[in-house]
Structures are given as C-alpha cells and as structure tokens.
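J.: Sharing a structure, written as structure tokens. Questions coming.
Values in this text are rule-based calculations from the coordinates and carry no lab data. Computed from a predicted model, the values in this text were never measured in an experiment. No Cβ is skipped: glycine too gets one built from the backbone with ideal geometry, and neighbour counts run over all protein chains shown.
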Amino acid sequence: NSIAPFLFWTKQKGHRPFCYNEFTTKALKRGKTMSHNDCTRRSLGITDNNIIFDDANSNHYEYIKGNKCLVYDGYLNYRVDRCPNCGFENDLVKNGVKRCLTYIPSNNGWIIYLRLTKQRWLCHRCRSSFSCHTSCVSPNRSISVNTRKMVLKYAKRDLSMTEIGRLTNISPTSVSRIIKETVGEHRYRFQDQLPENLCIDEFRSVQQAMSFIVLDADSHKLVELLSDRRLATIKDYFLSYSLENRLRVRTVTMDLNANYQNIIHMIFPKAKIIIDRFHIVQMLGRNIDRERLNTLTQIEDKRSRTYRILKSQWRIYKKSADKLITNERIYRIHNREFLTDYEILDIGLSCSTRFKATWETYQALLTAIHTQDFVSFKRTIDDYIPLKTDLDVTINTIKLNLKHIENSINYKYSNGPIEGTIRKIKQIKRTGYGYRNMLSLFTRIRLEFA
C-alpha cells in the first residue's frame with residue numbers, strides 16, 4: 001500500500017515508473033531503499049551519517065564572493081553523554097547552533113559549498129561549551145577533507161598551485177598551506193638505516209644555487225636533499241650518522257666530480273666508487289664530434305660529397321659498430337643517394353688519419369663497456385698512442401679514474417635514476433615558473449617523491 005500513491009501519481013502524469021519492477025516493489029515494501037540523506041551524502045562524498053539534509057530543500061543556488069554556487073544545507077547533531085573537558089556525565093544541555101561554510105569538491109562543474117549547522121553544547125559543571133565535530137572537515141577549518149585530498153592528488157601530478165586552486169575552487173595560498181601542512185617540517189632522521197647503494201649528484205635549485213641530492217640506487221627513493229653542494233655541508237650531514245650505519249654502504253655511484261671522490265672514503269670507509277658509464281661514453285662521444293668538426297674545417301669544397309656526408313650523417317660515427325647496417329642501402333635525403341652505414345664511414349674516415357684513429361679507439365672502448373670486458377678496456381687504454389687531440393685529455397682522465405671505472409663496468413648501478421629524478425625536478429620548477437624560496441621547492445619535491 002505504501003507504493004500505491006507513487007504509482008497513482010506516475011499514472012496520472014503519464015510518466016513511466018523507471019524503477020518499477022517486481023524487485024523494486026518488494027524492496028520498497030520492506031523499506032530497504034536508499035533514503036534522500038544517503039543519496040545526498042554519497043553524491044558529496046560524505047561518510048558521516050550524523051549529517052542530515054532536508055528532504056524538501058537540501059540545496060539551492062546562491063551568490064558567494066561574486067560567483068553563483070550550489071549550496072547544500074546540512075544539520076549535524078549527535079548524542080553527547082560526557083563533557084570532553086571535565087569528563088562528567090549528565091551535565092550537558094544544548095546551547096544553540098553554529099553555522100559554517102565548507103568547500104566541497106565539485107562533481108558537476110559548479111562551485112559547491114556545504115553550509116553545516118552544528119549543534120553546540122554547554123556543560124553546567126565546568127561552564128565550557130563545544131560544538132559537534134564531523135569527519136568530513138577538520139575542526140576550525142573551512143576546507144573539507146576530500147578537498148584537501150584532491151589538492152594533494154593534483155599536486156603529485158605536477159600541476160601549478162594556481163591551476164590546482166582553479167580546479168578545487170580555493171585560493172593558491174590555501175593550496176600552498178595544505179601542501180606544507182601535509183609534508184610538515186622536515187627533520188633529518190639520522191637514526192634510520194642508510195641504503196647499501198647510493199647515488200649522488202647536484203642540481204640547480206633556486207636562482208643560481210646548486211643543491212645536493214642523494215638517492216637509493218636500488219629502490220630509487222629519495223634519501224635527502226641538501227641546500228648546497230659544499231664539501232663541509234655534505235660531510236656534516238653524513239657524519240651525523242653512526243659509524244656502524246655508514247659501514248653498511250657498499251657502493252656510491254657518481255659522475256666524474258673529483259671533489260666528491262676525495263670525501264667518499266672518509267665518510268663511507270667500505271664503499272666502492274662507481275663512475276657513471278654514461279659520463280664516460282659522453283666524453284668519448286664529444287671527442288668524436290670535435291674531431292669530425294676539425295675534419296670538416298680542412299675540406300675546402302663545402303659542396304663536396306664528403307663534406308655533406310660528414311656534416312649530415314654525424315649519428316653514424318657515434319653509433320656502436322655492432323648496430324651499423326651493412327647489407328641494406330638507405331636513401332640519405334641530404335646526400336640524395338642510397339648508402340649503407342659502412343659506406344658512410346669509409347667516406348668520412350678516409351679524409352683524416354687522426355679522425356680514423358679517434359673513431360677506432362672510441363669503438364674499442366664503447367664495445368668493452370657494453371660487453372663489460374674490463375681487460376679489453378684496460379688494454380685499449382694502455383696501447384693508446386697520443387694523437388695530439390682532445391682524446392688525449394679524455395684518456396688521461398680515464399687513467400686517473402681507472403679503478404672506479406672498473407667498478408662501473410663490473411657493477412650494474414648507474415646514475416640513471418638520479419638523472420631522471422633531476423629531470424622531474426626541472427619539470428617542477430618549469431611548472432611553477434621558477435621558485436624563489438628553496439624551502440617551498442624542497443617541500444614540493446618531497447611531496448611528489450614521497
């Protein structure tokens with residue numbers, strides 16, 4: 001009988017009861033359907049069942065701060081038996097209400113507010129008063145918990161604070177405050193265990209300042225950020241760990257910065273230094289480019305076939321020998337002819353003996369690195385004859401760091417993870433159009449890499 005008025009109304013209006021079937025009829029008769037309060041709470045993302053909405057007029061449109069907004073009116077009340085201040089029972093009476101306006105995440109494009117009317121209570125024994133609290137918004141806050149979660153979700157997606165504020169309908173200042181409150185004040189945790197394998201490097205943080213970054217080489221997690229890269233700052237930080245903790249570190253991966261090498265064994269007595277293989281190959285590749293350009297300057301006819309091949313096909317000379325195409329001729333658009341990779345090599349290397357010797361040394365070292373053959377690598381360095389080129393300086397640098405380069409060939413670790421992290425840090429700076437405050441930059445980095 002309870003469903004009869006509904007069926008009569010739909011029949012009179014000519015509407016089809018969209019939810020009417022045998023299952024719905026039984027559910028309505030048992031009283032197990034979702035109420036209006038449940039629907040409103042679910043649509044707003046509210047999990048507190050103590051918040052009640054009016055069935056007749058739960059929401060309306062209203063102009064707030066010059067914007068047309070959708071406002072939901074809710075009432076918060078629950079039974080309180082004991083005073084939270086003095087702890088006595090049966091001395092509480094109702095003491096009016098308190099209204100507050102709370103930001104709610106939008107789900108339909110409108111700016112949504114929750115105007116919550118909270119019941120206030122007065123204790124006759126200690127004369128203290130308090131309001132009812134809810135889990136959807138923290139005490140003394142006007143931004144809901146769900147809105148704060150949306151702010152952190154957008155912040156981890158590398159959006160600017162202005163864009164996050166536009167998406168969540170709050171100010172950029174509130175976005176910055178939420179991020180700082182979530183990350184909290186950073187403190188060094190010297191009691192934590194250091195990872196067994198570390199990666200270290202530096203990056204440009206604010207203005208012209210260079211900062212220091214430490215990463216776990218295995219899990220790729222951020223270990224620490226230091227405000228500068230001075231040796232005194234680095235030593236003070238790592239020496240604050242116990243000696244037993246520092247003895248756990250087995251490898252430290254880094255670039256060819258000689259200043260860091262001087263303090264690594266003092267900080268980590270048992271650690272082995274690993275020179276990143278990328279920096280070694282990068283040095284050798286630059287020598288190939290310089291010698292190729294020197295060969296180009298010696299060619300008088302700038303329209304000759306050799307000149308055009310050396311200028312346009314520079315990638316072929318830096319490619320590893322085992323990846324060169326030998327059987328298939330490919331049309332080279334800059335040279336307007338079909339050539340294999342080896343034909344391009346022959347044309348370019350035949351112009352200069354020094355260029356050919358530089359390329360052969362480059363290929364021998366590159367193959368030894370790829371095959372992890374340190375014996376072949378060391379033999380190539382020992383048999384090298386100076387060519388009076390920039391390659392001589394590179395070979396001398398390799399000889400000075402030969403022991404560390406052996407570790408880089410024998411171990412799998414590299415500075416790839418930390419270089420990727422620095423790339424993301426640059427993207428954070430680019431999204432925020434630069435940072436003037438180092439603390440704000442570090443806070444955003446720790447949030448995204450937490």
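J.: Based on the Kirkwood radius over alpha-carbon pairs, what value in µm²/s does the Stokes-Einstein equation return for the translational diffusion coefficient of region 278-410 at 37 °C and 0.692 mPa s?
T.: So the translational diffusion coefficient is about 209 µm²/s.
J.: First select every other residue whose beta carbon is under 9 angstrom from the beta carbon of V214; then total the charges, Lys and Arg +1, Asp and Glu -1. Provide the component values of the computation, followed by the final result.
T.: Values: positive: none; negative: D201, D216, E224.
Charge balance near V214 sits at -3.
J.: A follow-up question, please. As an exercise, use a Förster radius of 25 Å and the Cβ-Cβ distance of L447 and Y75 to find the FRET efficiency, rounded to the nearest 0.05.
T.: The calculated FRET efficiency here is 0.10.
J.: Using only the alpha-carbon atoms, what does region 332-437 span along each of its principal axes? Please give whole angstrom values in decreasing order.
T.: Principal extents (Cα only, largest first): 55, 45, 27 Å.
J.: Over every pair of different alpha-carbon atoms in the chain, take the mean of 1/r and invert it; report that Kirkwood radius in Å.
T.: About 29.2 Å for the chain.
J.: What residues qualify as long-range amide H neighbours of T340, i.e. H under 5 Å apart, gap of 5 or more or another chain, H built at 1.01 Å from N?
T.: Long-range HN contacts for T340: I330.
J.: Work out from phi, with θ = phi - 60° and the Karplus expression 6.51 cos²θ - 1.76 cosθ + 1.60, the ³J(HN,Hα) of each residue of region 241-250, listed in order in whole Hz, and give x for Gly and Pro.
T.: Result, ordered by residue: 6, 5, 5, 4, 5, 6, 6, 6, 6, 9 Hz.
J.: What's the extension gain from D91 to E337 if we count 0.36 nm per residue and subtract their Cα-Cα distance?
T.: Separation in residues times 0.36 nm, less the Cα-Cα distance, equals 78.8 nm.
J.: First check a/c for region 71-210, with a ≥ b ≥ c the square roots of the eigenvalues of its C-alpha gyration tensor; if it is under 1.5, answer rounded, and if not, answer prolate when a/b is larger than b/c or oblate otherwise. Show your work: numbers first, answer last.
T.: Working: a/c = 3.48, a/b = 1.69, b/c = 2.06.
Oblate.
J.: Sort 426-438, 308-320, 332-344 by packing, meaning the average of other beta carbons within 10 Å per residue, with the highest value first. Kindly include the intermediate steps, with their values, before the conclusion.
T.: Working: 426-438: 13.1, 308-320: 17.3, 332-344: 14.6.
For the peptides 426-438, 308-320, 332-344, the packing ranking is 308-320, 332-344, 426-438.
J.: What FRET efficiency would be calculated for the residue pair I64, H124, taking the C-beta separation as r and a Förster radius of 45 Å, to the nearest 0.05? Numbers along the way, then the final one.
T.: Values: r = 38 Å, r/R0 = 0.84.
Step by step, r from the Cβ atoms, then E = 0.75.
J.: Are any of the pairs K311/K399; K318/K388; K221/K426; K302/K388; K221/K318 more than 24 Å apart by Cα-Cα distance, and if so, which?
T.: On the way: K311/K399 32 Å; K318/K388 20 Å; K221/K426 17 Å; K302/K388 26 Å; K221/K318 33 Å.
Table pairs above 24 Å Cα-Cα are K311/K399; K302/K388; K221/K318.
J.: Have a look at region 22-142 and give its Rg and Dmax from the Cα atoms, expressed in angstrom.
T.: 17.6, 58
J.: May I have the count of lysine pairs in region 22-142 with C-alpha atoms under 28 Å apart, counting pairs 8 or more residues apart or located on different chains?
T.: Within region 22-142, the lysine pair count is 6.
J.: Taking 0.36 nm per residue of separation and subtracting the Cα-Cα distance, what length does fully extending A232 through E163 add?
T.: Details: separation 69, 0.36 × 69 = 24.84 nm, distance 3.96 nm.
Separation in residues times 0.36 nm, less the Cα-Cα distance, equals 20.9 nm.
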